[in-house]
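Structure record follows, encoded as structure tokens.
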Amino acid sequence: MGESAIDAAAEGADDGDMAVVDALIAERDQWKDRALRAVADAENIKRRAETQANDARAYAIQRFAKDLLGVADTLERGLATAPKDAEGPAAAMVTGLELTQKSLLSAFESNGLTRVAPEPGEAFDPHLHQAVMEQPSDSVPGGTVIQTLQPGYALFGRTVRAAMVVVAAKGSGPASGGAYSEANTTGGNFDAKA
């Protein structure tokens with residue numbers, strides 16, 4: 001069939017045949033869109049599964065580490081109450097406790113578990129610290145840590161246990177002299193007329 005015959009056939013095609021062709025093209029486009037969406041969904045699922053597997057590997061020791069934190073706390077309390085001027089067997093026991101604590105903390109760090117124990121004056125971070133008390137302070141500004149009551153731990157940046165801290169009250173600091181140092185200061189919400 002020559003080119004002129006094809007052109008003649010195309011000119012002779014009526015609107016009914018074109019409607020069928022248009023319907024087939026629309027159906028083809030619909031199936032193509034579905035196939036592209038299915039491929040994209042499969043890629044998203046694959047990426048999500050990889051992320052979850054990586055998180056599971058990285059944080060698999062989280063429960064185990066949390067259980068060992070009690071051991072670390074007990075060792076720390078034992079060393080805090082141990083006599084510093086011990087002699088003989090008592091000194092050997094204290095040295096053994098210190099070496100055990102050092103070994104435990106070294107094992108924590110080599111597995112990504114880091115100790116969080118803020119120093120006085122460090123800014124309070126609600127992601128890493130838990131404020132158990134707030135009190136006025138003359139030595140540090142308000143909103144900063146006064147004392148660490150119990151150290152916290154973080155595993156690869158994720159908090160396993162928040163550090164329990166005492167926070168300086170608003171208005172604290174060396175220059176302020178305390179929240180109620182000025183005369184005629186009645187407090188925040190006090191209504192003298194009531």
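Things worth noting here:
- A65 out of contact with any Leu (no Cβ under 7 Å at 6 or more places or on another chain) and among the small types (G, A, S): no
- P174 vs. criteria modelled with pLDDT of 85 or more and either of a type in the set (K, R) or assigned to a loop (DSSP other than H, G, I, E, B) (or both): no
- Qualifying residues in the stretch 110-122 (those that are outside any loop (DSSP other than H, G, I, E, B) and out of contact with any Gly (no Cβ under 7 Å at 6 or more places or on another chain)) - the one surrounded by the most Cβ atoms within 10 Å (Cβ to Cβ): L113
- Residue count, the stretch 39-75 (criterion: open to solvent by 60 Å² or more (accessible area, probe 1.4 Å), touching a residue at least 12 places away in the same chain (Cβ under 8 Å) and out of contact with any strand residue (DSSP E or B) (no Cβ under 9 Å at 6 or more places or on another chain)): 1
- The residues on offer are D138, D41, D67, and the sole one that is among the acidic types (D, E), more than 21 Å from the chain's Cα centre (by Cα) and at pLDDT below 90 is D138.
- Residue check, F156 open to solvent by 70 Å² or more (accessible area, probe 1.4 Å) and among the aromatic types (F, W, Y): yes
The values are calculated or read from the model by the stated rules, or taken from the named source; none is laboratory data. It should be emphasised that the depicted structure is a prediction, and the values quoted were computed from it without experimental measurement. Cβ atoms come from the backbone with ideal geometry, glycine included; neighbour counts cover every protein chain shown. Calculation scope for accessible area: heavy atoms of the full protein, side chains included, ligands and nucleic acids excluded. Shrake-Rupley method; radii C 1.70, N 1.55, O 1.52, S 1.80 Å.
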